[in-house]
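Right, one structure below, let's go through it.
The values are calculated or read from the model by the stated rules, or taken from the named source; none is laboratory data. Nothing here was measured: the structure is a model prediction, and the numbers come from that model. Counting neighbours? That spans all protein chains shown, and the Cβs are built from the backbone with ideal geometry, glycine included. Note: areas computed on protein heavy atoms with side chains; ligands, DNA, RNA excluded. Shrake-Rupley method; radii C 1.70, N 1.55, O 1.52, S 1.80 Å.
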Amino acid sequence: MATNALLSPAAGRTPNPKATPSPSARRAGPAPDAATAAAAAATSDTKARFEAYNRLQAAAVAFGEKLPIPEIVAIGGQSDGKSSLLEALLGFRFNVREVEMGTRRPLVLQMVHDPAALEPRCRFQEEDSEEYGHPMVLSSAIADLIKQRTESHLRAIQAAVSAKPIVMRAEYAHCPNLTIIDTPGFVLKSKKGEPERTPQEILSMVKTLASPPHRLILFLQQSSVEWCSSLWLDAIREIDPSFRRTMIVISKFDNRLKEFTEKWEVDSYLSASGYLGDNIHPFFVALPKDRGTVSNEEFRRQICQVDIDVLKHLRDGVKGGFNEEKYGPYIGFSRLRKYLESELQKRYKEAAPATLALLEQRCSDVSMDLSRLDSKLQATSDVSQLRRSAMLHAASICTHLRALLDGAADPAPELWGKTTEEEQMHSGIGSWPGISVPVKPPNSTLKLYGGAAFERAMHEFRCATYSMECPQVSREKVANILLAHAGRGGSSGVTEAAAEIARAAARSWLAPLTETACDRLAFVLQSLFDLAMERSRNDDSKYQNVENMDGYVGFLAALRCSYYKFVKDLSKQCKQIVRHHLDSVTSPYSHICYESDFLGGAGSVANTLHRFNQFNGVASFDLSDSGSALEEGQENVPPKDQQHMTPPAKANESRDILRESQLTVPETPSPDLPGEMHGGKKKDNGNMNDGGARKRHARMAAYANRNHHNNITVGADDLVSKGGSSYSSICSISAQYFSKMREVLIERNVPSALNSGFLTPCRERLFLALGFELFAVNDDKFMDMFVSPGAVDSIQNERQSLLKRQKILLSCLSEFKNISRTL
């Protein structure tokens, strides 16, 4: 073996041809009968140990067990001689190179030395079973079966390579007790018709097979490749950097012999100095080149003859020979075969105690799995026990859901939480409707779940709502609403028109936001189910002794669907409640737009409303873009300097009064008096006293709310002078109405409605709702969640498979116990 100590002859890792006992030592040794008996006993122990590991390996392949069984993995480039080496180890040919058995699937070769098997007996392990098929004798049939299984499996998985091995057991009198895993050969370029990534897939698979530390690596490389230009040696270094478990074999060594003429050339090449290290010694092997049809006996004779010819050439064909004492133990196939067998048997012996302990653990695990399946089968006939377990599991889930809503950090939020962007992406909702700018609430980059994520989504909804301004309204819409109100009579047309515009905007733009908020909150709640399941599995509370329900897929699916339905119903109810609040706020009968705190907080708006509402000729407003310019060209409109219906003196007086009193509304207006007298009277009544402005303002708001300020006439010049700005004034008033409606809805109504609509039911009514839907049914319907068609048969089949697995593992355990006693 190519390691510091493993390959050193002094360490006893390889046979030393000079370590032959002297005649005196032989005379002083044990009696011939005793020595023969001891050798026979050792051979018997070795064979028993090998057979035990072979059976264990078959079980590992069949059941997917991950057992640290000592194994040899043969790797190398394509055409580097792996297939020829395997045939030489087997002692017979079966055209393995013709089918390229190692190029697409690994092949596990279990070689069993059986002195009674004068002809090779090969059997293949059945796919997905520990059973072996009938013995095969014809070499062509062996090759055909390997090819058929490889192609069938790759076609089924639709891949070019596969890591699932083919297991072949060969019993023969002329093969050693050895197990080798032949792997696909490294290639630089994929074949025609194969995916381009085939070389990378082969390299990755081989690295995976050779990486476990309990596996020895048999690396083959042609002798024609120089050490400095080895393509695959670097790949071996990635797997085993120090070559502690790697055996390096230089194949086709006879091709290199003719290049050697001097001893130093041979020794320099054999030492591989500077590339493998001083204590790393590769093996040099040559095999027969004749691929003609020969008997198995002739094939083995040719192998021995090639070894003799190679040594003869090194001794006689090279001037000065070679350092036979140092490199002799590593030249020839027979040396490699003996070393592989002894090294594997040594590893088997060293690993036996650990394997025994591992088998005991696996047998215990299988027994527990069988008990679990027996409980399931029993539960299918015990409905009451199944109901109890299911109810306890549902109660556990509900308890964990409440804990997550109340605030929890288990499981880890870093793994289970979501950022705001992830919530938007996973929920499929995306951005907020009508909002063009990204909404980034506080903590948007933190991974949250449960109650924290719920509050963040609520805050995100507030941010989204407040980022929306009152939408722009076209002049046509304003004119249609304003003129329609003017046609109904009264003097509050502008007020009502602005309020109606704001109501329509609120209904149109706030409704989608509230529905999106409900959907986002529902997603946050639905995401908690998986977290509650995870907490339930890891729970150390009173539910830890409840029967494990993970195997009841039908029930868990029904529980999940019931919870999702519960949250969906809550979302639907919340949408209706929030819509009701929106309808109330935007109702024509709502006093939100006329509340004193709103009017009092916007003095200029109140004055503008008062002036607009008192103009009897509101229908004569021109709201078009060119309203002011058109007025001058109209024949029926007096020139601006003649539009005043009030004498100049009176008009000036009226403007002075407006500046002083800010459109004071009389307490008892009389429709019979001229408008200008009203203004003069208000001034004569001395309403400019201390605190008068406050009183007049309150009275103005009250009359505006009741639409009783009918007979205050504002000069037409004051309105007409506004010209085209009347449209922008109405839009400004509507925007403030919209803001007031939004504030009332978002700050007063919606948060409380969503909290009480989502969180309260989840805390108080969840288990009742789930229990009513899942458990308030008859036994037949209840059992449909647990015993679906074919479910019992599936459990029975799984149980039978476990029984087979248990049987073979117990058999291996018994064998390894016997082996351990002899160590």
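Among residues belonging to segment 369-396 that are modelled with pLDDT of 85 or more, of a type in the set (A, V, I, L, M) and more than 30 Å from the chain's Cα centre (by Cα), point out the one that is farthest from residue 533 (Cα to Cα).
370
Out of (1) of a type in the set (Gly, Ala, Ser); (2) at pLDDT 85 or above; (3) assigned to a helix (DSSP H, G or I), what's the single condition that is false for residue 354?
With respect to (1) of a type in the set (Gly, Ala, Ser); (2) at pLDDT 85 or above; (3) assigned to a helix (DSSP H, G or I), residue 354 is out only on (2).
With the structure loaded, tell me whether residue 202 is at pLDDT 85 or above, crowded, with 18+ Cβ neighbours inside 10 Å and touching a Lys or Arg at 6+ places or on another chain (Cβ under 7 Å) or whether it fails that test. Explain how you work it out, then say what you get.
Numbers: at pLDDT 85 or above: yes; crowded, with 18+ Cβ neighbours inside 10 Å: yes; touching a Lys or Arg at 6+ places or on another chain (Cβ under 7 Å): no.
Taking the combined requirement at face value, the residue does not satisfy it.
Could you give every pair whose Cβ atoms fall below 7 Å, whose first residue belongs to segment 361-385 and is open to solvent by 50 Å² or more (accessible area, probe 1.4 Å), and whose second residue is in a helix (DSSP H, G or I) and modelled with pLDDT under 80, counting only separations of at least 6 or pairs across chains?
Close Cβ pairs (under 7 Å, with a partner that is in a helix (DSSP H, G or I) and modelled with pLDDT under 80) amount to 385/379.
Quick one: which residue in 118, 109 is over 30 Å from residue 803 (Cβ atoms) and either in contact (Cβ under 8 Å) with a residue 24 or more places away in the chain or in a loop (DSSP other than H, G, I, E, B) (or both)? Give the derivation first.
On the way: 109 fails: over 30 Å from residue 803 (Cβ atoms).
Criteria check complete, one pass: 118.
Identify the single condition in (1) of a type outside the set (Val, Ile, Thr); (2) modelled with pLDDT under 90; (3) surrounded by fewer than 18 Cβ atoms within 10 Å (Cβ to Cβ); (4) in a helix (DSSP H, G or I) that residue 789 does not satisfy, given that it satisfies every other one.
(4)
Residue 219 versus (1) open to solvent by less than 40 Å² (accessible area, probe 1.4 Å); (2) under 27 Å from residue 334 (Cα atoms); (3) touching a Lys or Arg at 6+ places or on another chain (Cβ under 7 Å): which is the lone unmet condition?
(3)
Restricted to segment 140-192, and to residues that are out of contact with any strand residue (DSSP E or B) (no Cβ under 7 Å at 6 or more places or on another chain) and of a type in the set (D, E, K, R), which residue is surrounded by the fewest Cβ atoms within 10 Å (Cβ to Cβ)?
Ranking the candidates gives 192 first.
Restricting to segment 183-204, name every residue that is within 24 Å of residue 90 (Cβ to Cβ) and in a loop (DSSP other than H, G, I, E, B).
Scanning segment 183-204 gives 183, 184, 185.
Just need a number here: residues in segment 217-263 that are in a helix (DSSP H, G or I) and either in contact (Cβ under 8 Å) with a residue 12 or more places away in the chain or in contact with a helix residue (DSSP H, G or I) (Cβ under 7 Å, 6 or more places away or on another chain) (or both).
12
Every residue, every condition in (1) of a type in the set (A, V, I, L, M, F, W, C); (2) at pLDDT 90 or above, yes or no:
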position	(1), (2)
729	no, no
732	no, no
735	yes, no
747	no, no
752	no, yes
757	no, yes
761	no, yes
770	yes, yes
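So how many residues does segment 449-479 have that are of a type in the set (Lys, Arg) and within 13 Å of residue 520 (Cβ to Cβ)?
Qualifying residue count for the region: 2.
With the checklist (1) under 27 Å from the mean Cα position of the chain (by Cα); (2) not in a helix (DSSP H, G or I) in hand, flag the one item residue 207 doesn't pass.
Only one criterion in (1) under 27 Å from the mean Cα position of the chain (by Cα); (2) not in a helix (DSSP H, G or I) is unmet by residue 207, namely (2).
In segment 302-337, which residues are aliphatic (A, V, I, L, M), open to solvent by less than 60 Å² (accessible area, probe 1.4 Å) and in a helix (DSSP H, G or I)? Please lay out each step first, then the result.
First, the residues of segment 302-337 that are aliphatic (A, V, I, L, M): 303, 306, 308, 310-311, 314, 318, 331, 336.
Next cut, open to solvent by less than 60 Å² (accessible area, probe 1.4 Å) only: 303, 306, 310-311, 314, 318, 331, 336.
The answer is 303, 306, 310, 311, 314, 336.
Residue under question is residue 180, and the condition is that it be touching a residue at least 24 places away in the same chain (Cβ under 8 Å) and part of a helix (DSSP H, G or I); does it hold? Talk me through it step by step, then tell me what you get.
Details: touching a residue at least 24 places away in the same chain (Cβ under 8 Å): yes; part of a helix (DSSP H, G or I): no.
Judged against the criteria, residue 180 is not a match.
Do we find a residue being modelled with pLDDT under 85 and either charged (D, E, K, R) or crowded, with 17+ Cβ neighbours inside 10 Å (or both) anywhere in segment 113-122?
yes
What's the total number of residues in segment 439-460 that are farther than 18 Å from residue 409 by Cα, open to solvent by less than 70 Å² (accessible area, probe 1.4 Å) and free of Cβ contacts under 8 Å to residues at least 60 places away in the same chain?
2
Sort out which residues of segment 745-754 are in contact (Cβ under 8 Å) with a residue 12 or more places away in the chain, within 17 Å of residue 456 (Cα to Cα) and not hydrophobic (A, V, I, L, M, F, W, C), and write them in order of number.
751 - this is the single residue of segment 745-754 that is in contact (Cβ under 8 Å) with a residue 12 or more places away in the chain, within 17 Å of residue 456 (Cα to Cα) and not hydrophobic (A, V, I, L, M, F, W, C).
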